[in-house]
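Here the structure comes first, spelled out in structure tokens, and everything after it is commentary.
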Amino acid sequence: MNEVFYYLITAILQLVTVLFIARFLLQACRADFYNPISQGIVRFTDPLLRPVRVVLPGYKNLDFAALVAVWITQIVLLVSTASLNGSALAVFPILVVSLLQVMLLFVSGIKWIILIVIIASFIAPRGQHPILTLLRQITEPVLAPARRLLPPMGGLDFSPILIFLLLGVIEIVLPQIFATALR
């Protein structure tokens with residue numbers, strides 16, 4: 001029966017985490033607020049974020065309440081899965097590991113979003129589906145600096161390759177930095 005609870009808790013908390021990350025990215029990238037997908041994410045996350053915003057207001061286009069909500073969700077996920085497994089964790093390692101997980105989720109999320117945009121550009125180059133529009137708006141601030149470094153060659157955009165390399169390095173280095181912090 002523990003496996004069922006483990007699965008349900010993990011699935012629900014990961015879904016909530018994805019929604020909070022999406023909320024942060026949409027606001028940070030100044031994505032279209034009136035997009036129906038954006039409206040759905042805002043409608044779901046706003047009741048949970050409104051009390052946090054009283055204590056922790058945003059700054060410009062950065063929603064710190066969403067970041068804290070992601071971190072808290074990861075802490076709850078770690079604590080609940082550890083308690084279901086019958087193990088106890090110390091407070092400091094929980095905070096550090098959950099922060100690492102949040103950072104890695106952002107890196108992984110950006111990689112997946114870029115990959116989806118690349119595939120969609122080959123399948124439906126002029127696709128105007130609301131989710132594709134949002135994904136392009138999220139990737140543009142990430143890809144724009146790489147596009148300035150790498151000019152287009154023959155109509156092909158190689159900037160995602162540069163970003164994938166950079167994000168891969170971040171995925172390798174971050175756990176090492178956090179491992180030294182836990183020693």
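What the table below lists for this structure:
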| read-out | value |
| --- | --- |
| Pairs with Cβ under 8 Å, 6+ apart, first in the stretch 37-49 and without any contact (Cβ under 8 Å) to a residue 12 or more places away in the chain, second loosely packed, with under 13 Cβ neighbours inside 10 Å and not in a helix (DSSP H, G or I) | Q39/F33 |
| Contacts under 6 angstrom Cβ, first residue in the stretch 147-164 being closer than 16 Å to I114 by Cβ and of a type in the set (G, A, S), partner at pLDDT below 90 and part of a loop (DSSP other than H, G, I, E, B), 6 or more apart | S159/L150 |
| Unmet requirement for A82, which otherwise passes all of (1) touching a Leu at 6+ places or on another chain (Cβ under 9 Å); (2) modelled with pLDDT of 90 or more | (2) |
| Check on T73, modelled with pLDDT of 90 or more and polar (S, T, N, Q) | yes |
| The listed residue being in contact with a Leu (Cβ under 9 Å, 6 or more places away or on another chain), under 21 Å from L174 (Cα atoms) and aliphatic (A, V, I, L, M), out of L104, L99, L95, L134 | L104 |
| Residue ID - surrounded by the fewest Cβ atoms within 10 Å (Cβ to Cβ), chosen from residues in the stretch 111-135 that are under 18 Å from P36 (Cα atoms) and free of Cβ contacts under 8 Å to residues at least 12 places away in the same chain | Q128 |
| Selection from the stretch 16-41 of residues that are buried (at least 21 other Cβ atoms within 10 Å of the Cβ) and of a type in the set (K, R) | R23 |
| Odd one out for F106 among (1) more than 28 Å from Q14 (Cα to Cα); (2) assigned to a helix (DSSP H, G or I) | (1) |
| Complete set of residues in the stretch 151-160 that are under 15 Å from S121 (Cα atoms) and either touching a helix residue (DSSP H, G or I) at 6+ places or on another chain (Cβ under 8 Å) or among the aliphatic types (A, V, I, L, M) (or both) | L156, D157, S159, P160 |
| Total residues in the stretch 59-88, condition outside any helix (DSSP H, G or I) and surrounded by 14 or more Cβ atoms within 10 Å (Cβ to Cβ) | 1 |
| Qualifying residue in the stretch 162-182 (condition: more than 22 Å from Q39 (Cα to Cα) and in a loop (DSSP other than H, G, I, E, B)) | no |
| The stretch 42-58: number of residues that are over 15 Å from V16 (Cα atoms) and surrounded by 15 or more Cβ atoms within 10 Å (Cβ to Cβ) | 4 |
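So that you can scan it fast, the table gives a plain yes or no per residue for (1) free of Cβ contacts under 8 Å to residues at least 40 places away in the same chain; (2) touching a Pro at 6+ places or on another chain (Cβ under 9 Å):
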| position | (1), (2) |
| --- | --- |
| F64 | yes, yes |
| V70 | no, no |
| I75 | yes, no |
| T81 | no, no |
| S87 | yes, no |
| V91 | yes, no |
| G109 | no, no |
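The values are calculated or read from the model by the stated rules, or taken from the named source; none is laboratory data. Everything numeric in this text was worked out from a predicted model, so none of it was measured. For neighbour counting, all protein chains shown are included, and Cβ atoms are generated from backbone atoms with ideal geometry for every residue, glycine included.
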